[in-house]
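The values are calculated or read from the model by the stated rules, or taken from the named source; none is laboratory data. This structure is a prediction, so every number in the text was calculated from the model and none was measured. Cβ atoms come from the backbone with ideal geometry, glycine included; neighbour counts cover every protein chain shown. The accessibility values were calculated without ligands, DNA or RNA, using every heavy atom of the protein model including side chains. Shrake-Rupley method; radii C 1.70, N 1.55, O 1.52, S 1.80 Å.
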Amino acid sequence: MLRLVEAVVGYRSPITPPVTLDVARGEVVGLAGPNGVGKSTLIRAVFGAARLFSGRIERASGARIGYLPQAPVRLAEAPLTGRELLSSVGAQDFAPPARLGEKLDRRIDRLSGGEYQLLMLWATLAGDHELVLLDEPTNHLDAGHIATAVEEIAAARARRATLVVSHEREFLEAVCTRIVTLGGAHG
């Protein structure tokens with residue numbers, strides 16, 4: 001679904017070292033590494049939001065991409081319920097995790113930071129994306145929400161390829177089929 005070959009990405013100048021990796025359907029590949037090595041920039045380059053300086057980024061032809069940014073945009077006032085948000089992104093036909101289901105009739109601007117993050121993660125996972133890019137999906141999540149995130153990412157694994165950036169090594173080890181460390185050894 002995704003192949004990077006000696007990809008060097010950045011914005012005005014290169015940030016990452018050359019990265020080579022494949023992500024196939026059924027895999028959840030984690031990106032680990034020190035701050036500033038370009039993990040988030042690498043994910044953004046996959047869909048064209050960051051610049052490819054050298055190497056190649058190949059996506060399966062016509063693959064639908066889902067993306068969860070580190071800090072999903074959250075309006076101060078949004079008279080939209082969680083259920084309405086899921087419907088707007090085509091994710092209303094999938095049963096949400098129990099921790100989230102009870103919150104879906106609340107306005108999204110009244111959800112806690114963790115509840116909103118879990119809602120946005122679910123909106124990304126419940127769509128019909130074939131390649132999912134998750135950038136720090138555990139931001140603002142408590143231990144219970146993290147456990148739900150691990151379960152939901154794993155449950156959707158068979159139908160897509162997933163690339164996850166996280167600073168939380170324990171989370172990556174729990175959810176990933178393989179971990180690649182940028183600026184270091186491959187796992």
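Let's see how each residue does on (1) modelled with pLDDT of 90 or more; (2) closer than 30 Å to E173 by Cβ:
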{"residue": "A32", "(1), (2)": "yes, yes"}
{"residue": "I43", "(1), (2)": "yes, yes"}
{"residue": "F53", "(1), (2)": "yes, no"}
{"residue": "R83", "(1), (2)": "no, no"}
{"residue": "V89", "(1), (2)": "no, yes"}
{"residue": "F94", "(1), (2)": "no, yes"}
{"residue": "E102", "(1), (2)": "no, yes"}
{"residue": "G114", "(1), (2)": "no, yes"}
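Of the numbered conditions (1) in contact with an Asp or Glu (Cβ under 7 Å, 6 or more places away or on another chain); (2) surrounded by fewer than 19 Cβ atoms within 10 Å (Cβ to Cβ), I43 fails exactly one; give the number of that condition.
That leaves (2) as the condition not met.
Could you check L172 against (1) free of Cβ contacts under 8 Å to residues at least 12 places away in the same chain; (2) among the aliphatic types (A, V, I, L, M); (3) within 30 Å of A60 (Cβ to Cβ) and say which number it fails?
(1)
Pick from segment 23-37 the residues that are out of contact with any helix residue (DSSP H, G or I) (no Cβ under 9 Å at 6 or more places or on another chain) and either aromatic (F, W, Y) or open to solvent by less than 10 Å² (accessible area, probe 1.4 Å) (or both): which of them is nearest to E152 (Cα to Cα)?
V29
Can you tell me how many residues within segment 91-128 are within 15 Å of the chain's Cα centre (by Cα), over 21 Å from E77 (Cβ atoms) and open to solvent by less than 40 Å² (accessible area, probe 1.4 Å)?
6
Say we look at segment 129-177 and pick out the residues that are basic (K, R) and loosely packed, with under 15 Cβ neighbours inside 10 Å; which of these is modelled with the highest pLDDT?
R169
Identify, by number, the condition in (1) closer than 27 Å to A158 by Cβ; (2) among the hydrophobic types (A, V, I, L, M, F, W, C); (3) surrounded by 13 or more Cβ atoms within 10 Å (Cβ to Cβ) that L52 doesn't meet.
(1)
Among all residue pairs at least 6 apart or on different chains, which show Cβ distances below 6 Å where the first residue, located in segment 130-144, is in contact (Cβ under 8 Å) with a residue 12 or more places away in the chain and the second is surrounded by fewer than 19 Cβ atoms within 10 Å (Cβ to Cβ) and of a type in the set (K, R)?
E130/R64
Collect the residues in segment 9-23 that are touching a strand residue (DSSP E or B) at 6+ places or on another chain (Cβ under 6 Å) and over 18 Å from D135 (Cα atoms), keeping them in residue-number order.
P14, P18, T20
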